[in-house]
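Each reported figure results from applying straightforward, stated rules to the coordinates on display, with no laboratory input. If you're wondering where the values come from, they're calculated on a predicted model, not measured in any experiment. Here the Cβ positions follow ideal geometry from the backbone for every residue, glycine too, while neighbour counts run over all protein chains shown.
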Amino acid sequence: MTMKTEKNKETIKKIMVDESKCQGCYNCTFACIAVHENKGKNIYKVDTHNKNFNSRNVITINEDGRPTPMVCRHCDMPECVLTCISGAMTKDEETGIVKHNLKKCASCFMCVMSCPYGVLKPDNKTGKIIIKCDMCEGEDMPACVKSCPTGALYIKEVEKI
Amino acid sequence: MKYLILGASAAGLNAAKTLRKLDESAIITVVSQNTMIYSKSLLHLFITGERNLHALSFVEPDFFEQNDINWVNGVSAVGVNTYRKEVNLSNNLIETYDKLLIATGSTSLFPPNLDYIQDAKNVYSLENLTDAILIRDKISKSKSITFIGGGLVCLDIVSKLLYRGFHINIIEYGNNIMSFQLNQEAAEPYQKAVIDDGASLYTNAIVVSAGMIGDEITSLTLNNGEKINTDMVIVSSGISPNSDFLEGSDIRRDCGLVEIKGQKLRKGVLVNKKCETNIPDIYAAGDVCAEKLPLWPIAVKQGIVAAYNMALKDKEMRSVYGLKNPISYFGINTISIGDPNVSGPNIETIDYRDDLHGVYKHALVENGKYIRSIILQGEIQGAGIFERLIEDEMDISGVNKYLFDFTFDDFFELDDRGQIIYSNKNAI
């Protein structure tokens with residue numbers, strides 16, 4: 001996802017959040033499940049009763065009862081990478097994406113303990129697999145952003161560091 | 001610039017990688033006693049046969065080539081001449097440096113009250129790969145295994161050895177297993193699993209004497225008079241920083257014993273928030289440092305912080321708070337942050353239980369303002385915000401919300417890159 005802007009500075013894409021626009025419709029949640037758990041099927045075909053399905057994003061409710069959607073920040077200095085004991089969680093400096101390597105993962109959940117945004121979790125089915133946003137690798141745009149009808153989730157190009 | 005790093009684990013290798021990122025033309029040398037790169041936190045998986053040696057590494061196999069780092073292995077430092085900026089090595093060679101990082105880690109420190117069994121041939125503690133290899137080998141020849149200390153090291157191994165025909169004894173000094181991390185209620189499901197699977201658990205128990213045949217222990221007698229027969233003993237130990245080679249140098253150390261949460265720790269090299277020692281151009285990071293618990297993430301961060309400062313860039317440790325552990329055995333996931341046994345007149349307990357789904361949450365809050373301890377069991381997502389609140393002692397009284405529903409945006413704003421704005425931007 002590295003690209004050059006007009007000023008010729010290298011940038012990366014980030015999913016940004018404007019919580020004032022969120023209506024709590026859960027489109028982002030279902031779109032995420034549809035892409036990752038339901039092999040890209042339409043969100044209306046997601047089995048809402050299947051507890052084994054996991055969304056990589058969350059919607060939290062603030063003090064005033066307002067919803068805030070939250071997606072992995074793919075941090076510049078990611079806590080999940082710094083705390084990983086096995087080298088499974090890595091930061092791709094080129095794309096800015098924080099990747100999780102399931103084969104290397106020891107399911108110790110240091111990353112869950114350390115993510116201040118609370119977006120990492122063990123999967124619902126086995127309780128052993130880390131559920132982690134991959135920015136919908138290979139797609140032109142992450143499903144959560146594409147499906148957000150209000151613009152609460154949007155893509156911003158930021159300078160690569 | 002010539003950087004010399006002593007030690008090739010969490011702190012040393014993260015420092016080396018960071019230095020390469022910050023200084024393309026630097027000459028970077030890593031000296032380590034280890035001839036293999038491995039994560040100390042994965043050793044139990046080697047003992048129980050779930051991972052082979054190569055799967056214990058936490059970096060890519062071509063790490064040193066990729067980052068253009070010179071690795072001198074199988075060699076340890078035996079002395080530092082801070083005036084001439086030289087390190088004497090065990091192979092009688094000398095390495096010079098412009099900037100030096102001490103990241104030599106720690107070895108196990110046997111609990112003083114068990115001194116009398118320390119020299120028995122079938123008594124082990126787990127601190128490095130050599131220990132792991134010895135333990136794995138001995139387990140393969142044993143029928144009964146006894147753990148002194150029912151902490152995380154014990155459970156890491158026991159949770160995988162049950163069902164395999166061993167008789168396992170756990171001797172725990174506290175009221176419950178993992179007593180540094182869990183209260184009785186949170187420990188209960190784990191204890192049940194251990195006992196249901198055939199292990200013998202002795203709580204509030206102390207070993208008072210040992211029976212020996214030759215140089216091997218054959219039985220242990222407890223304070224209640226009970227005698228336990230065993231083929232081998234694994235002791236949860238404290239740690240001792242590997243800083244003896246600094247003896248005689250002017251690098252400040254604290255060599256006394258400190259007790260943190262019942263664990264005896266020998267203090268190590270004294271550093272500030274930037275991982276600087278008292279001597280210019282010398283830094284220290286990881287388990288070799290004094291005044292902290294040995295925890296992988298702290299070592300990683302200290303390695304990175306040291307590297308930034310070695311390369312003359314600002315970076316500091318936000319905290320070296322080490323009372324935090326994720327726990328995952330028998331399909332039960334728990335995260336514990338803070339001291340679950342903290343007590344006092346102004347401590348309020350907040351509990352949440354959903355027995356149907358195996359969810360138990362427990363918080364201890366002081367004066368309605370500061371969370372001192374939290375246990376999240378069965379539902380661990382969102383624990384990270386509590387790590388921040390506890391570590392940074394943030395006042396929660398201004399947020400009018402159920403504590404277990406706290407999220408980061410109740411306390412933090414996001415910047416233009418969509419990340420939390422911390423008061424100290426240079427801290428990690």
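Some observations on this one:
- Percentage, to the nearest whole number, of Cα pairs in chain B over 39 Å apart: 25
- Order of A:Tyr26, A:Tyr117, B:Tyr124 under a 10 Å beta carbon neighbour criterion, fewest first: A:Tyr26, B:Tyr124, A:Tyr117
- Taking each of B:Lys292/B:Lys369; B:Lys2/B:Lys313; A:Lys9/B:Lys313; A:Lys14/B:Lys401; A:Lys103/B:Lys17; B:Lys2/B:Lys40 in turn, the alpha-carbon distance tops 19 angstrom for B:Lys292/B:Lys369; A:Lys9/B:Lys313; A:Lys14/B:Lys401; A:Lys103/B:Lys17; B:Lys2/B:Lys40.
- Percent of alpha-carbon pairs separated by more than 16 Å within the range B:176-262: 71
- Shielding by partners, peptide A:72-78 (average Cβ within 10 angstrom, other chains): 3
- Mean separation of Cα contacts under 8 Å, 6 or more apart, over the residue count of chain B: relative contact order %: 14
- With eigenvalues of the C-alpha gyration tensor scaled by 5 and rooted, the range B:324-422, Å: 22, 18, 12
- Residue-averaged beta-carbon neighbours from other chains (10 angstrom radius) around B:404-413: 4
- Volume per residue that the Cα convex hull of the range A:2-159 spans, once the total is divided by residue count, Å³: 130
- Shielding by partners for peptide A:87-98, expressed as the average number of C-beta atoms from other protein chains within 10 Å of each residue's C-beta, is 1.
- Normalised by 2.2 N^0.38 Å, where N is the number of residues, the C-alpha radius of gyration of the range B:37-144 stands at 1.38.
- Over the range B:112-236, the alpha carbon radius of gyration divided by the compact-protein estimate 2.2 N^0.38 Å works out to 0.99.
- Over the residues of the protein assembly as shown, the helix contribution to mean residue ellipticity at 222 nm works out to -5000 deg cm²/dmol, using -39500 (n - 2.57) for each DSSP H run of at least 4.
- Think of the range B:324-422 as having a plus end and a minus end, set by charges on the Cβ of Lys, Arg, Asp and Glu; of B:Ile375, B:Val365, B:Ser397, B:Ile375 sits farthest toward the positive end of this dipole.
- Taken along the Cα-to-beta-carbon direction at a fixed 7 Å, the label points for B:Asp416 and B:Tyr83 span 5.3 nm.
- Using C-alpha pairs below 8 Å separated by at least 6 residues, the relative contact order for the range B:118-206 is 27 percent.
- Helices of chain B meeting both criteria, an alpha-carbon length of 20 angstrom or more along the long axis and an average Kyte-Doolittle score not below -1.0, with helices taken as full DSSP H segments, are B:296-310.
- Hydrodynamic radius (Kirkwood) for the protein assembly as shown, which is based on Cα pairs only, to one decimal in Å: 25.5
- Spherically averaged projected area of the range B:275-341 from its Cα convex hull (nm²): 5.9
- Residue-span extension gain [B:Arg353 to B:Asn341] - 0.36 nm each, minus C-alpha spacing: 2.4 nm
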